[in-house]
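Please read the structure below before turning to the comments.
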Amino acid sequence: MNELLTIAMPKGRIFEEAVDLLRQAGYKLPPEFVESRKLIIEVEAEGIRFILAKPMDVATYVEHGVADIGIAGKDVLLEEERDVYELLDLRISACYLAVAGLPDTKMNLVAPKVATKYPNIAAAYFREQGEQVEIIKLNGSIELAPIIGLADRIVDIVSTGRTLVENGLVEYERIKSVTSRLIVNPVSYRIKDTRINELVKRLSRVVVLEGK
Ligand code: PRP
């Protein structure tokens, strides 16, 4: 009998792509999987229990061992530095972290303000640039900050670029490319190695075949 595997999935925009990938890897997930509002979904036939978490929290569940596996954006992994192993670049939900702001404004203030959901990444980036900034942590709608006068710049995810354009902002520098990663709890990886390696093998095949 297969031991149960618990996988933490990110709710929101990564979710559908992650579900597609698992289906392509041969896992039979019920049709209502994507529309459901349930936060725990057990797929008995596959011996998998899915927990649906906020993307920022996936690595927390995995680090604490209540989920064996998780699918998390590289942005979150860089920001939080959780004690988890990164097993595979799933090459889904590709986007990048960038510095953006209003056009034609220089960051020549004494203590320019940078609004972001990623205070650690932003602080490290400006430190490397030798620029002293004040970081303002927000939880979303980051693009509001320069428009409303809360910050001189933002550090945020750019995917299609539409949010920047529609809010009259421009990109100043790219910081880092981001894709979703398969992460694992180190203890689970030792105990459930057969099941986890099987999952990694099946997903790797799809990732390579897709040529992503
Ligand atoms: C993300 C990100 C940007 C937007 C970029 O926000 O923070 O705001 O998507 O996408 P685009 O380049 O395709 O326009 P999200 O939708 O996750 O919501 P949030 O504002 O709550 O962070």
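Residues considered: 178, 165, 158, 184. Of these, the only one that is closer than 29 Å to residue 7 by Cβ and either within 9 Å of the ligand (Cβ to nearest atom) or without any contact (Cβ under 8 Å) to a residue 12 or more places away in the chain (or both) is 158. Restricting attention to region 26-66, the residues that are under 16 Å from the mean Cα position of the chain (by Cα) and of a type outside the set (Lys, Arg) add up to 12.
For residue 172, the criteria (1) more than 14 Å from the ligand (Cβ to nearest atom); (2) within 22 Å of residue 81 (Cα to Cα) hold in every case but one, which is (2). The strands (runs of 3 or more DSSP E) falling completely within region 1-66 that include 1 or more residues that are more than 16 Å from the ligand (Cβ to nearest atom) and of a type in the set (D, E, K, R) map to 40-43, 48-53.
Restricting attention to region 123-141, the residues being part of a strand (DSSP E or B) and surrounded by fewer than 16 Cβ atoms within 10 Å (Cβ to Cβ) number 2. Selection over region 14-36 of residues that are surrounded by 14 or more Cβ atoms within 10 Å (Cβ to Cβ) and not polar (S, T, N, Q) gives a count of 12.
Within region 122-148, the residues that satisfy the criterion of being more than 15 Å from the ligand (Cβ to nearest atom) and among the acidic types (Asp, Glu) are 128, 131, 134. Kindly evaluate residue 63 against the criterion of being within 20 Å of residue 188 (Cβ to Cβ) and free of Cβ contacts under 8 Å to residues at least 40 places away in the same chain. Criteria not met by residue 63.
Would you please name the residue that is nearest to the ligand (Cβ to nearest atom), looking only at residues in region 109-121 that are in a helix (DSSP H, G or I) and under 11 Å from residue 75 (Cα atoms)? Across region 109-121, the extreme among qualifying residues is 121. If the condition is being outside the structural domain of residue 123 (by TED's automatic domain parsing) and acidic (Asp, Glu), then region 169-201 contributes 193, 198. Six or more apart or on different chains, Cβ under 7 Å: which pairs go from a residue in region 124-143 that's among the aromatic types (Phe, Trp, Tyr) to one that's away from the ligand (no atom under 16 Å from the Cβ)? Could you list them? Qualifying pairs under 7 Å: 126/133. Among the conditions (1) within 27 Å of residue 122 (Cα to Cα); (2) assigned to a helix (DSSP H, G or I); (3) β-branched (Val, Ile, Thr), residue 71 misses just one, which is (2).
The values are calculated or read from the model by the stated rules, or taken from the named source; none is laboratory data. All values derive from a computational prediction rather than experimental measurement. Glycine gets a Cβ as well: all are built from the backbone with ideal geometry, and neighbour counts include every protein chain shown.
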